[in-house]
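What follows is a single structure, written as structure tokens, with notes after it.
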Amino acid sequence: MEDASTVAEFKHALRLMRNGYPDDALEFFRYAVERAKSNPYYLSFLGVCIARAQKKWDQALELCEAALRMKRTEPQLYLNLAEVYASAGRRGEAIDILDGGVTYCGPDVRIRRARSRFGMRGSAILPFLDRHHFLNRSLGRLRHSFSQWLIGPGTRGRVAQTS
């Protein structure tokens, strides 16, 4: 059971991180986790903070995944894990985590909003193989490069207008 000072330290760390100071927030999150090791929120936010401040993806993922195992029905834990995956450059896994969050948590506005930021995933090139298979990944990158080439430079993210 955490005391009032632990909760205060955690809230202070959240403010620091939200204001763009993850390095400063790290010690406060660590303090909160030391005092309440079984609190999934503290573990998860420590993971996000480590990812932002130190770019230690494996350690951050381990903390966020442990937190999610403790409490599968909390949308914020899915959002935190997805943020760490996305920061690590693992966009597909971030999308999978958010999709799993909808399964366990039901329709949550925050998860849907985060999921929509990633846009729609293209279908697998070879549908009989898993989307993570190296052939699907390689061909998907090739398809993406070709589509960007067709659109042309300077128009990324904009819809082409016809006159």
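The values are calculated or read from the model by the stated rules, or taken from the named source; none is laboratory data. Keep in mind the model is a prediction, meaning the values are calculated, not measured. Cβ placement follows ideal geometry from the backbone for every residue including glycine, while neighbour counts extend to all protein chains displayed. The accessibility values were calculated without ligands, DNA or RNA, using every heavy atom of the protein model including side chains. Shrake-Rupley method; radii C 1.70, N 1.55, O 1.52, S 1.80 Å.
Computed from point charges on the beta carbon alone (+1 for Lys and Arg, -1 for Asp and Glu), the dipole magnitude for segment 1-101 about its Cα centre is near 80 Debye. For the set Thr103, Thr6, the ranking by accessible area, highest first and with no ligand, DNA or RNA atoms included, is Thr103, Thr6 under a 1.4 Å probe. Within the assembled protein chains, the solvent-accessible surface assigned to Leu139 is about 70 Å², based on a 1.4 Å probe. Listed values (i) 52, 37, 28; (ii) 49, 40, 24; (iii) 62, 35, 29 include one computed from this model; for Cα extents along the principal axes in Å that value carries the label (iii).
A 1.4 Å probe, protein heavy atoms only, puts the accessible area of Glu83 near 60 Å².
Once the C-beta distance of Ala66 and Leu142 is scaled by a Förster radius of 35 Å, the resulting FRET efficiency is 0.40 to the nearest 0.05.
Of the solvent-accessible surface of the chain, computed with a 1.4 Å probe and all protein chains present, 55% belongs to carbon and sulfur.
For the set Cys105, Cys64, solvent exposure ranked by accessible area (probe 1.4 Å, protein chains only) runs largest to smallest as Cys105, Cys64. Placing unit charges on each Cβ (+1 for Lys and Arg, -1 for Asp and Glu) gives segment 1-142 a dipole about its Cα centre, and among Asn136, Leu63, Asn39 the Cα reaching farthest toward its positive end belongs to Asn136. Accessible area of Lys56 (1.4 Å probe, protein heavy atoms only, ligands and nucleic acids ignored): about 100 Å². Straightening the chain between Arg18 and Asp3 buys 3.1 nm, computed as 0.36 nm per residue apart minus the Cα-Cα spacing.
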